[in-house]
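*Asks:* The following block contains the structure, expressed as structure tokens.
The values are calculated or read from the model by the stated rules, or taken from the named source; none is laboratory data. Keep in mind that this is a model prediction, so the values were computed, not measured. All Cβ positions, even for glycine, are placed from backbone atoms using ideal geometry, and neighbour counts span all protein chains on display.
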Amino acid sequence: MDVQTRSEREEGLLALPDDAARLFGLLGLHPGADFSLESAAALDGGRVGPVLSLLEAFDGVGLIRRVVPGRYRIDEPLRAHASVRARRSAAQADHALVRLVSWYLHTCDWVQAVLAPCDAYDLEEEVPAGVTPKTFDQPQAALAWWEAERATIVSVVRMAAQAGLHGLAWRMSVVLRAVYTHRNAVTDWREVAAIGAASAVADGDLAGQALAAESLGDLYARTCRLREAESHYRHALELYRCLGDRFGQARSVNALGLLCTRRRHLRDACAHFEDSSLIFAELDDTAHWLAVTGTNEAEALIELDRAAEAAHILSGTVEVFDYFHDRHSQGHALFLLARAQRGSRGPDQRSRLH
């Protein structure tokens with residue numbers, strides 16, 4: 001930064017009215033390389049319109065730079081200066097961070113609901129005052145937002161944990177699990193899941209710890225670290241039993257069954273899937289999960305040369321997935337059904353197909 005530019009910017013800072021000086025200081029708290037108009041409004045706790053006017057004014061005097069419409073960047077020396085200004089009022093900075101993390105949490109909740117509705121975590125946390133999360137109607141819009149924000153999202157989770165906002169940090173980790181699974185974003189997932197697990201412990205929330213353990217189990221299963229996946233799934237199951245959470249127990253038992261299938265312990269896999277289904281059958285609104293465990297059991301049955309049993313199960317699960325518009329699971333079930341129907345034919349019938 002040359003002397004003239006530094007001097008001009010310092011003059012610009014001194015000339016800021018109170019509301020502008022407050023917002024500029026808060027921008028120094030925003031993690032990531034750049035930030036959006038909406039996240040700046042969440043920091044400020046105000047409406048988008050007035051915040052946009054201030055951001056454009058900051059851009060005009062060189063305090064920030066507009067990188068694309070709706071997104072801005074603050075250079076590091078000014079970011080550090082702004083952060084110092086913001087932290088002169090610790091309470092104001094703390095409230096701003098809660099609003100910012102909450103904005104990301106609830107916006108990510110919309111992303112998971114649109115990208116992976118059948119796997120989405122049911123976030124019960126209320127949207128705080130002064131926070132208006134982005135909403136999405138179409139997967140393309142949700143995916144585009146996540147792609148633009150994905151690096152910042154990891155930084156926000158990290159910042160939340162460092163600031164002691166552990167309840168928000170682990171909830172963000174849980175909400176993002178379905179997104180990371182859907183996009184196979186292993187690198188982001190690994191860091192966010194680890195932070196979420198530590199924050200759930202720091203928060204003293206057993207349900208959060210169980211959900212974090214499930215997420216780590218899924219991550220390790222996805223990356224072929226099956227022993228570690230099993231350890232986390234068993235830890236989640238133990239926590240769910242302590243909590244009396246039958247739904248969580250059923251999910252964990254199903255996950256252990258999937259590990260058995262991958263290890264070719266097929267009879268053990270079937271036993272796990274049957275146990276999981278029995279628990280789900282006790283609960284309300286579990287038709288989709290019953291179809292999931294049924295499909296998983298059918299896959300193991302096919303490998304055990306019990307194709308007719310598998311075909312009977314799959315003929316029902318295909319219809320359930322169709323009802324829930326879960327095309328991915330429906331496609332997998334149809335593929336398995338074709339295998340089962342082929343396997344249930346006698347050798348003479350199969351030979352006539354060639």
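*Asks:* Going through A210, A193, A202 one at a time, which residue ends up being aliphatic (A, V, I, L, M), outside the structural domain of L290 (by TED's automatic domain parsing) and surrounded by fewer than 20 Cβ atoms within 10 Å (Cβ to Cβ)?
*Replies:* A202
*Asks:* Another question, if that's okay. V186: under 26 Å from L115 (Cα atoms) and buried (at least 19 other Cβ atoms within 10 Å of the Cβ), yes or no?
*Replies:* When the stated conditions are applied, V186 does not pass them.
*Asks:* Next question. Can you confirm whether region 310-332 contains a residue that is surrounded by fewer than 21 Cβ atoms within 10 Å (Cβ to Cβ), at pLDDT 95 or above and more than 33 Å from the chain's Cα centre (by Cα)?
*Replies:* Yes, because at least one residue in region 310-332 is surrounded by fewer than 21 Cβ atoms within 10 Å (Cβ to Cβ), at pLDDT 95 or above and more than 33 Å from the chain's Cα centre (by Cα).
*Asks:* Answer yes or no as to whether A160 is over 18 Å from L219 (Cα atoms) and in a helix (DSSP H, G or I). First the steps, then the outcome.
*Replies:* On the way: over 18 Å from L219 (Cα atoms): yes; in a helix (DSSP H, G or I): yes.
In short, yes.
*Asks:* Condition (residue is in a loop (DSSP other than H, G, I, E, B) and either touching a residue at least 24 places away in the same chain (Cβ under 8 Å) or of a type in the set (F, W, Y) (or both)) applied to region 284-299: is it met by at least one residue?
*Replies:* Scanning region 284-299, I find at least one residue that is in a loop (DSSP other than H, G, I, E, B) and either touching a residue at least 24 places away in the same chain (Cβ under 8 Å) or of a type in the set (F, W, Y) (or both), so the answer is yes.
*Asks:* Now for a separate question. Among the numbered criteria (1) more than 25 Å from V320 (Cβ to Cβ); (2) assigned by TED's automatic domain parsing to the domain that holds E303; (3) β-branched (V, I, T), which single criterion is violated by T261?
*Replies:* If we test T261 against (1) more than 25 Å from V320 (Cβ to Cβ); (2) assigned by TED's automatic domain parsing to the domain that holds E303; (3) β-branched (V, I, T), just (1) comes out false.
*Asks:* Can you tell me which residues in region 126-151 are part of a helix (DSSP H, G or I) and either of a type in the set (F, W, Y) or buried (at least 19 other Cβ atoms within 10 Å of the Cβ) (or both)?
*Replies:* Selection gives A142, W145, W146, E149.
*Asks:* Would you confirm, using the coordinates I've provided, whether L219 is closer than 26 Å to W146 by Cβ, touching a helix residue (DSSP H, G or I) at 6+ places or on another chain (Cβ under 7 Å) and crowded, with 24+ Cβ neighbours inside 10 Å?
*Replies:* no
*Asks:* Has region 19-40 got at least one residue that is at pLDDT 90 or above, assigned to a helix (DSSP H, G or I) and of a type in the set (S, T, N, Q)?
*Replies:* yes
*Asks:* Identify all residues within region 214-246 that are without any contact (Cβ under 8 Å) to a residue 40 or more places away in the chain and under 17 Å from L123 (Cα atoms); write none if there are none.
*Replies:* D245
*Asks:* Does any residue in region 327-340 that is in the same structural domain as A300 (by TED's automatic domain parsing) come within less than 8 Å, Cβ to Cβ, of a residue that is outside any helix (DSSP H, G or I) six or more places away or on a different chain, and which pairs are these?
*Replies:* S329/C118
*Asks:* Right, another one. Given the condition hydrophobic (A, V, I, L, M, F, W, C), farther than 23 Å from W170 by Cβ and out of contact with any Ser or Thr (no Cβ under 6 Å at 6 or more places or on another chain), answer yes or no: does some residue in region 219-237 qualify?
*Replies:* Scanning region 219-237 turns up at least one residue that is hydrophobic (A, V, I, L, M, F, W, C), farther than 23 Å from W170 by Cβ and out of contact with any Ser or Thr (no Cβ under 6 Å at 6 or more places or on another chain).
*Asks:* Can you spot a residue in region 275-282 that is under 23 Å from S173 (Cβ atoms), modelled with pLDDT of 95 or more, assigned to a helix (DSSP H, G or I) and out of contact with any Asp or Glu (no Cβ under 8 Å at 6 or more places or on another chain)?
*Replies:* Checked against the condition, which is being under 23 Å from S173 (Cβ atoms), modelled with pLDDT of 95 or more, assigned to a helix (DSSP H, G or I) and out of contact with any Asp or Glu (no Cβ under 8 Å at 6 or more places or on another chain), region 275-282 yields no hits at all.
*Asks:* Only one residue in A96, A91 is more than 14 Å from the chain's Cα centre (by Cα), over 20 Å from E191 (Cα atoms), surrounded by 18 or more Cβ atoms within 10 Å (Cβ to Cβ) and not acidic (D, E), so which one is that? Before you say what the answer is, go through the steps one by one.
*Replies:* Details: A91 fails: surrounded by 18 or more Cβ atoms within 10 Å (Cβ to Cβ).
Checking each option against the conditions leaves just A96.
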